[in-house]
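Asker: Please find one structure pasted underneath; my questions will follow.
The values are calculated or read from the model by the stated rules, or taken from the named source; none is laboratory data. None of the values given here were measured: they were computed from a predicted structure. Cβ: placed from backbone, ideal geometry, glycine included. Neighbour counts: every protein chain shown. Heavy atoms of the whole protein, side chains included, go into the accessibility calculation; ligands, DNA and RNA do not. Shrake-Rupley method; radii C 1.70, N 1.55, O 1.52, S 1.80 Å.
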Amino acid sequence: MDVASFRALGSPEGQALLSEASGLDVSEDGLLAAASRLRERHDPGLVSAALTQVRLRERARVKFGDDADRMYFTQAGLEQSTRASVASHRARRFASCVPGARVLELGCGIGADLVARAREGLEGEGVELDPLTTEVAQANVVALGVEGLVSVRVGDAVAERPDGFGAVFADPGRRTTRGRVFDPRSYEPPLDVVLDSAGRVPAACVKVAPGIPHEVVPDGAEAEWVSVGGDVKEAALWLGALAGDVGRRATLLSSDLHHPQMWTLTPQGLDDPDVRPWGRYVYEPDGAVIRARLVAEVAELVGGGLADPRIAYVTSDALRPTPFASAYEIEDVLPFSVKRLRAELRRRGVGVLTVKKRGSAVDVDRLRRDLGFGGRRAPRGAPELTLVATRVGRDPVALLTRPVPRP
């Protein structure tokens, strides 16, 4: 889709077509019939643009909820966009720490963060290098009713000067045609260039990949790792007036878009957890907790330690529910052996097997097949079990566990 085709969607005919297409079956099975029906009365290029938007809106609901039905997307823009709950969390921090500041956003994508800050009352501008993405972002600003506070323009983040702005938010590109970029020096623009620009204003935030090395976090900055519904989604570096004094934190958001809950864990100055034998329970810390190196804080919360000092599984005899880790009751601890595990699972009559691993080189899909669970449909009511493949020292072990429901 090019800029001209996208602009045509904003015309009365384009809007009517979007409305009509929204009521059709645009799944893989129904797409051809929908396209043929619409092309009888509309320009084929406009039909293609409308159907693309309808399909992207359906996919976007998991990130943006009801807003998705009014928003506009490109495929790459949707994939790289900040989900609404994370953008809202971040916007509230801007509004709390730098109230009234005009914010310059470098690399605003389709405008998710820009809109979230506007909803918190913050004015600003978004700069985006790609002309089509710029058009899409501005359309979202208008569609979501915040055009009186924020706007979007074409611009190169490298050349932008933040003069006159009270804060900067930057989201450097971390994907290429070959896939994700993990080296901060290969961001577009590179992280050091973004940090230089961010350092010219009193407050700034830079969105980075969750795998960012701790050693590249600037002195005085706060690094925050964010997970949603148990999955790590992103990390951010908070600078200047936006930085707290904790150095790093893990923020967990529930997956409920309408009423998300939030939990935050920060360093407590603890020593490394004790190393101990397996207890009655094993706790799997949330990925954001592990990325933020806060496993010791989880061990303290549950009264536990580590079976292996290099592997982030916490074990304890106490059941202490916490949002920062999933708990599993250990039924057995076995030396890792496919043959022995297959026999034990058969003896127990296990019908549904979940496999988790950490510190183990096993291929989960292959292990499931080798254990007799590759594509097999379990009988109704068959026992369920979670197999945890890990190691203690050099010895591979398998934990047979059952998940403890979270409160």
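Asker: Leaving out ligands, DNA and RNA, and with a 1.4 Å probe, what % of the accessible surface on region 27-153 is carbon or sulfur?
Answerer: Using a 1.4 Å probe with all protein chains present, region 27-153 comes out at 49 percent carbon and sulfur.
Asker: Let me ask another. About its Cα centre, what dipole magnitude does the chain give when the only charges are +1 on Lys and Arg Cβ and -1 on Asp and Glu Cβ, stated in debye to the nearest 20?
Answerer: 1880 debye
Asker: Output the antiparallel fraction of DSSP beta bridges having both residues in region 231-353, as a percent to the nearest 5. It would help to have the intermediate numbers written out before the result.
Answerer: Numbers: 15 of 16 bridges.
Taking every DSSP beta bridge with both residues in region 231-353, the antiparallel ones total about 95 percent.
Asker: Accessible area of region 213-371 with a 1.4 Å probe: how many percent of it is carbon plus sulfur?
Answerer: Of all accessible area on region 213-371, carbon and sulfur atoms account for 44 percent.
Asker: Of all beta bridges DSSP finds with both residues in region 291-406, what is the antiparallel percent, to the nearest 5?
Answerer: 75 percent
Asker: Let me ask another. Hey, quick one: spin label on Q15, modelled 7 Å out along Cα-Cβ, who in region 142-178 has an amide N within reach, i.e. under 14 Å?
Answerer: 142-145
Asker: Given the DSSP H assignment, sum -39500 (n - 2.57) over each helix run of at least 4 residues in the chain and divide by its residue total; what's the result at 222 nm in deg cm²/dmol, nearest 500?
Answerer: After summing the helix terms and dividing by residue count, I get -9000 deg cm²/dmol.
Asker: Let me ask something else. For helix 44-64, what angle does its Cα long axis make with the longest principal axis of the chain, in degrees from 0 to 90 and rounded to 10?
Answerer: It works out to around 40 degrees.
Asker: Measure out, as a whole number of angstrom, how far apart the alpha-carbon centroids of region 199-229 and region 66-108 sit.
Answerer: Cα centroid to Cα centroid, the span is 16 Å.
Asker: Please name whichever of H42, V127, A101 sits farthest to the positive end of the charge dipole of region 32-163, dipole taken about the Cα centre and charges placed at Cβ: Lys and Arg +1, Asp and Glu -1.
Answerer: H42
Asker: If you count the DSSP beta bridges with both ends in the chain, what percent of them are antiparallel, to the nearest 5?
Answerer: Percentage antiparallel, nearest 5: 60.
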